[in-house]
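The values are calculated or read from the model by the stated rules, or taken from the named source; none is laboratory data. Since the structure is predicted, the reported quantities are computational estimates derived from the model, not experimental observations. Don't worry about glycine lacking a Cβ; one is built from the backbone with ideal geometry, like all the others, and counts go over all protein chains shown.
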Amino acid sequence: MDKTSLFFEFFRDNGGPILAMLGAGLAALLPGIGSSKGVGLVGEVASGLISEEPEKFGKTLILQVLPGTQGFYGFITGLIILQRIGLFAPQGIAPLTLMQGFLFLMASLPVAFVGYRSAIYQGKVAAAGIQVVAKKPEKFFNGVIYAVMVETYAVISLIMSVIMVVKIPL
């Protein structure tokens, strides 16, 4: 038996759990990367302001935290996938068909991709909100509202991914 045949046989027999685990990994990985980039961007801008006006730390911290939520959404989606496939069960991962594994992978994509991009964009908007805090601290909530508008799409993608994950028949 050649290597190609061995690979396809292995994938036929184990592809369902592999694809499901890939979906869980992507759900956690991509929004986590986006959130770290967004939070880092806001932190850089906030640090400059805080060096001059340390009393604005609380307001800038709120703006910095916002892009981190997408990483949390991806983490939660990944955990739900892992729970559904039985990773935490005493008997281990359920025997999944290729179709079930593919469905878990597809269900992870909304939160994975939207979480990644929206965290970066939210970081940019929140960084601009830091400029609002620097010049007109009383307009702080205006900056927060702008950043929260980006969050809406991350929440929509989270809901879509979770609905799809919980509806996959096992």
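Checking region 146-154 against the condition returns a match, with at least one residue being over 17 Å from the mean Cα position of the chain (by Cα) and within 18 Å of L66 (Cβ to Cβ). Note on region 94-120: residues that are surrounded by fewer than 17 Cβ atoms within 10 Å (Cβ to Cβ) and either touching a Gly at 6+ places or on another chain (Cβ under 6 Å) or without any contact (Cβ under 8 Å) to a residue 60 or more places away in the chain (or both) amount to 3.
Can you say whether L61 is surrounded by fewer than 11 Cβ atoms within 10 Å (Cβ to Cβ), over 14 Å from A134 (Cβ atoms) and free of Cβ contacts under 8 Å to residues at least 40 places away in the same chain, as far as the supplied structure shows?
For L61, the condition - surrounded by fewer than 11 Cβ atoms within 10 Å (Cβ to Cβ), over 14 Å from A134 (Cβ atoms) and free of Cβ contacts under 8 Å to residues at least 40 places away in the same chain - is not met.
A residue that is buried (at least 18 other Cβ atoms within 10 Å of the Cβ), within 17 Å of V162 (Cβ to Cβ) and touching a Ser or Thr at 6+ places or on another chain (Cβ under 6 Å) cannot be found anywhere in region 28-41.
Okay, residues lined up against (1) over 21 Å from P169 (Cα atoms); (2) touching a Leu at 6+ places or on another chain (Cβ under 6 Å); (3) modelled with pLDDT under 95; (4) not in a helix (DSSP H, G or I):
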| position | (1), (2), (3), (4) |
| --- | --- |
| G78 | no, no, no, no |
| P95 | no, no, yes, yes |
| L103 | no, no, no, no |
| M149 | yes, no, no, no |
| Y153 | yes, no, no, no |
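Working carefully through the options A89, A24, find the one that is outside any helix (DSSP H, G or I), closer than 28 Å to M164 by Cβ and either at pLDDT below 95 or among the aliphatic types (A, V, I, L, M) (or both). Every option except A89 fails the conditions.
Could you give me the residue pairs with C-beta distances under 7 Å whose first residue belongs to region 153-170 and is loosely packed, with under 12 Cβ neighbours inside 10 Å, whose second residue is part of a loop (DSSP other than H, G, I, E, B) wherever it lies, and which are 6+ apart or on separate chains? Going by the 7 Å Cβ cut-off, the qualifying pairs are L170/A94. Somewhere in region 18-37, is a residue in contact with a Gly (Cβ under 8 Å, 6 or more places away or on another chain), in contact (Cβ under 8 Å) with a residue 40 or more places away in the chain and over 30 Å from T152 (Cβ atoms)? Yes. Residues that are aromatic (F, W, Y) and touching a helix residue (DSSP H, G or I) at 6+ places or on another chain (Cβ under 7 Å) were ranked within region 121-146; the one that is surrounded by the most Cβ atoms within 10 Å (Cβ to Cβ) is F140. Got a sec? Which of K56, K3 is of a type in the set (K, R) and touching a Pro at 6+ places or on another chain (Cβ under 7 Å)? None of the others qualify; the one that does is K56.
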